[in-house]
């Protein structure tokens, strides 16, 4: 773990870090989490010296956390392109579809949590989402008696839980994953519509 060469600019360090993070996620997706993360293979795939993994991240776990953090930001950015004024029903549908699209990354997040990862953020947009839910409630799209924190937690837990189990669930039900996904989206839309009717 020698010193970084003097001619490496912060930009090239950032680019190298990104390549290492991308390589780590690629290998985990290809080989599976239980195969472990071989740092030599990560460095080879990123096209850098293995020592840079330790220099930039300090450990295999920190590399994985950084890769997941960046991936989580990317997913969050994908959600942000949602046009203003989209109904709560459509946003919940989008939320459900995003959990399906990023199922592999959500499985990795779950593993980090189970491994005691306290720096993992399940809700990188927590404040923004809570504000959107409050706006929906004030506009009457969500009933006044709906607990918004519990709703947010339910949606988050549903997304991660479904992402982790969807393939096995489809197998046990004897249907295709895409068929189950479509059914889940439809059910989540119905649940979202039901949020409007809580007027007691």
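Read-outs: derived from the displayed coordinates by stated rules, not from any lab. Please read all numbers here as calculations on a predicted model, not as lab measurements. Quick reminder, even Gly has a Cβ in these numbers, built from the backbone with ideal geometry, and neighbours come from all protein chains shown.
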When (1) out of contact with any helix residue (DSSP H, G or I) (no Cβ under 7 Å at 6 or more places or on another chain); (2) part of a helix (DSSP H, G or I) are applied to residue 175, the one that fails is (2)
Residue hits (the range 149-183; closer than 11 Å to residue 92 by Cβ and in contact (Cβ under 8 Å) with a residue 60 or more places away in the chain) are 155, 158, 159
For residue 111, the lone unmet condition from (1) closer than 18 Å to residue 24 by Cα; (2) buried (at least 18 other Cβ atoms within 10 Å of the Cβ) is (2)
